[in-house]
Structure formats: structure tokens, C-alpha cells
Amino acid sequence: MMMLKKWILVCFGNFLAAALMGLLLRLQFVAPVGGINYQFLLHGHSHIAMLGWVYLALFALIYHFFIPDDKVTRKQFNRLFWITELAVVGMMIAFPLQGYAVFSIIFSTLHIFSGYYFVRLVWKHQRIESLAERYLLKTALLFMILSTCGIWCLGPAVGLLGKTSAFYQIAIQFFLHFQFNGWFIIAVLALLFRQMKLKAENGAFFSFYRWLMAGTLLTFALPVSWFVSNPILLWINGIGVVAQLIAFAKLALLIRPQFSEFYGKLKEIEKIVFGFALFSLGLKVLIQLVVIFPEMALVSHQIRNFVIGFIHMIMLGIISGFLLGFLLNGNIISWKNRFSEYGIKIFLMGFVLTEFLLFGQGLNLFFSWGEIPMYHQNLFISSIWLVVGIIMIIFSNTNLKNSLK
């Protein structure tokens, strides 16, 4: 458990670094700081949030819940964790300084190969009795590997057609789509099944699973449609969105029989966090229904506020929400400390405020209403609460400092 708590403190350190980078990005619209390359810093922010916080937190939780804890696995996973963290720190330094260049590519490549080895270790050592949990976890890991095909295509895309080509842009979207909707969300579902001890009948589970796979694969047609003009892509995305809706309706039916018992045992802060994550997940599915309409599919890409708001909804609302819930419910981070509870609530408040502003400004642009008064200033101030919340969560768990000795 001590090793796990060390890992989680490192994950939150990465999360804080990503949040500070995000805060600095928003400061650039209020009081620009000289000597900062916005695009380079944006690359650093996104990579550390995805690969330093979400990836490594999933790494830690998958090890904790699905891998037998013995000397052999402990040594292998611990060594791999710190190699992966080395890659994260390297990207944390390299991306803001040089963007995509020699050192950032080296550390990104190290992270990819560390991910491949992680999959191999989990596949070898997992001892999962539940068929549903095993299918979901292995599927998530396969999507993680699949997503990296987009990264390997970037070099040839630049060499053959350049960075402005559709091929290059689609390769990036391939990576992002299957990271978020494949690896991250399905891994979270595997952990949710474990936390809730769901006992689903095989027939009901596989019905949900097939619709989930259809939705995950077919909705990739939407980002492709942003760079390739073909109405068939919008039809494919529409089918995928409907499949996704059916999948999550079936998930709700799977969860419902045991939800009351699970939810009733949670502490107050856990109820808030899990409720928040489930609400965000439902909202994501409903928002994606809107892009069935061709005009909205185009707007979803053209209005940057919608893009950022939607990405943050997935990263902070759904994935980070569930991660916090799992960490609290597993007593991996403190729930008894009021400072921790306030930190989580402040973080969620910052998320709600920033989402309100992002989507509100997106709607203003859509209806040609102009800019929300003091938009960038308010967005910057709201983002401060995200940073404050993460700092409070870290400090509230400083009782873990003895485990770092």
C-alpha cells in the first residue's frame, strides 16, 4: 500500500504541473508573459494531463485492483512506474521549451514503449475472475496500443504531405479518440465494475459490450469528417452516437440492481464525486447526440471553446471524477481530513465554473452574440480554483510523507 501511495502522490504532482501549465495558458490572454511559446506550452499541458495524471493513475489503480501483490510483480511494476515517470518529467521540461523536437520525441517514445510493456505485464499477471472486468480491462489496453498507431503515422505524414495535410490531422485525432474513448473510459468502466462488484449475466454484459465497441469505433468518423468532406462519414458517426447511447442505457440497466447498495455505503464526499462523474458521463453522451446534425458536427470543430470544453468534460469531469472516487473509496487518499474534502469540492467548483464559461462563450459565438464580458479574466480566475483544489488534496495527504522515506 505504501508503494501505491507514493505513486498516487506522484500522479497528483503531475496533475498539479498540468494544471499550472493550463493556468499559465489562460494568463496569456489576460497579461501575456514574455518568452513563452503558447503552442509549445499547450503541448506540454496536454501531454502531462493525459500521460502524467490519467495514464499513471490508471496504471496505479489497475495494479492495485487487478494484479496479485507479490515480490515479483511489485518489483516489475514499481520499476516500470518510475521509468514512465521519467518520460513524463522529460516531456514536462522538453515540450514547453521546444515543442515537438528531438528530446520531446525521445521522451514520448519512451512513454509509448513503457505503455506496451505495461500491457504485457498486466496481460501476464492479471488474475481476474469476473468475465466483465477481464473483457473491459483487456479491451482498454488494446485500445491504448491501437491509439499509438496514430503517433507512428505522424512521421510519414509530415514527410509525405506536411503538417497541414488531412493525413497528419487524422493521425492526431486517431490517437486522441482512442485514448479518450477507448483506453481511458473503458479502463474506468473496468474499475467501476470492480468497485461496485457488479455481477452481470454474460448475455446482458455482452449486449452492452457489443454496443460499446460499435459506438467507440464508429464515432471516430466525426473527427475524420472535419478533414475529409464526405456525407457518409456523418451517417457513420450518427450510427455510432446512437450505438453509444444504447450502450450506456444498457450500462445503466446493469448498474441499477446494485447501485443503491453501493451508493448507500459511500461517504458523503464519495457520493458527490461519483455522482458528479456519472452525471458528466451522461452529459457527454447527450452532447454527442447533437452532432448527429451536420451543421452541429461542423460547429463542434470550428468553435474552439466547444472543443476545449468537451475535452475538459471528459478529462476532468468523467475520468478525473471517477479516479478521485476510486481513490477515496479504496482509502488510497484521505477522506477523513476536512482539508481533503474541501480540496475536492473546490476542484469540482473550478471545473463547473470553467465549463460554464467555455460552453457559454461557445454558444455566444454560435449565435453571434459577441464575447462574455471579462471572459478571459473570469476564465483565468475560475482556473485558479482547479489549482487550489489539487494543492489542497496533496497537502491533505501529507500524512503519506512517511511512506516516501
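The values are calculated or read from the model by the stated rules, or taken from the named source; none is laboratory data. This is a predicted model, so every value here is computed, not measured. Cβ atoms come from the backbone with ideal geometry, glycine included; neighbour counts cover every protein chain shown.
Observations, loosely collected:
- Sole residue being surrounded by 16 or more Cβ atoms within 10 Å (Cβ to Cβ), more than 30 Å from GLU295 (Cβ to Cβ) and among the polar types (S, T, N, Q), chosen from ASN364, ASN378, ASN331, ASN337: ASN337
- Residues (touching a residue at least 12 places away in the same chain (Cβ under 8 Å) and either touching a strand residue (DSSP E or B) at 6+ places or on another chain (Cβ under 8 Å) or within 19 Å of LEU25 (Cβ to Cβ) (or both)) located in the range 366-377: ILE372, TYR375, HIS376, GLN377
For (1) surrounded by 16 or more Cβ atoms within 10 Å (Cβ to Cβ); (2) touching a residue at least 24 places away in the same chain (Cβ under 8 Å), each residue gets a yes or a no:
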{"residue": "TYR116", "(1), (2)": "no, yes"}
{"residue": "VAL122", "(1), (2)": "yes, yes"}
{"residue": "GLN126", "(1), (2)": "yes, yes"}
{"residue": "ARG134", "(1), (2)": "yes, no"}
{"residue": "LYS138", "(1), (2)": "yes, no"}
{"residue": "ILE145", "(1), (2)": "no, yes"}
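- Figure legend. Inter-residue proximity from the range 312-326: first residues in contact (Cβ under 8 Å) with a residue 12 or more places away in the chain, second residues not in a helix (DSSP H, G or I) and not basic (Lys, Arg), beta-carbon distance below 8 Å, spacing 6+ or different chains. Indicated pairs: LEU324/ILE333; PHE326/ILE332.
- Only a single criterion out of (1) touching a Gly at 6+ places or on another chain (Cβ under 6 Å); (2) outside any helix (DSSP H, G or I); (3) of a type in the set (A, V, I, L, M, F, W, C) is not satisfied by VAL33, namely (1).
- Qualifying position, being outside the structural domain of ASN329 (by TED's automatic domain parsing), over 25 Å from ILE311 (Cα atoms) and at pLDDT 95 or above, among LEU16, LEU80, LEU58, LEU24: LEU80
- Only one of the numbered conditions (1) outside the structural domain of PHE339 (by TED's automatic domain parsing); (2) surrounded by 17 or more Cβ atoms within 10 Å (Cβ to Cβ) is not met by ALA249, and that is (2).
- Scanning the range 120-175 for residues that are assigned to a loop (DSSP other than H, G, I, E, B) and within 30 Å of LYS199 (Cα to Cα) yields a count of 5.
- Within the range 36-55, the set of residues being among the polar types (S, T, N, Q) and part of a helix (DSSP H, G or I) comprises GLN39, SER46.
- Exclusive hit being out of contact with any strand residue (DSSP E or B) (no Cβ under 7 Å at 6 or more places or on another chain), of a type outside the set (Gly, Ala, Ser) and surrounded by fewer than 15 Cβ atoms within 10 Å (Cβ to Cβ), set VAL241, VAL228: VAL228
- Residues that are farther than 14 Å from ILE390 by Cβ, in contact (Cβ under 8 Å) with a residue 40 or more places away in the chain and out of contact with any Leu (no Cβ under 9 Å at 6 or more places or on another chain) occur in the range 344-359; there is at least one.
- Within the range 196-223, the set of residues being surrounded by fewer than 19 Cβ atoms within 10 Å (Cβ to Cβ) and in a helix (DSSP H, G or I) comprises MET196, ASN202, GLY203, ALA204, PHE206, SER207, ARG210, MET213, ALA214, LEU217.
- Verdict on ILE390 being within 23 Å of the chain's Cα centre (by Cα) and crowded, with 22+ Cβ neighbours inside 10 Å: yes
- Flag if SER382 is outside any helix (DSSP H, G or I) and either in contact (Cβ under 8 Å) with a residue 60 or more places away in the chain or under 27 Å from HIS301 (Cα atoms) (or both): no
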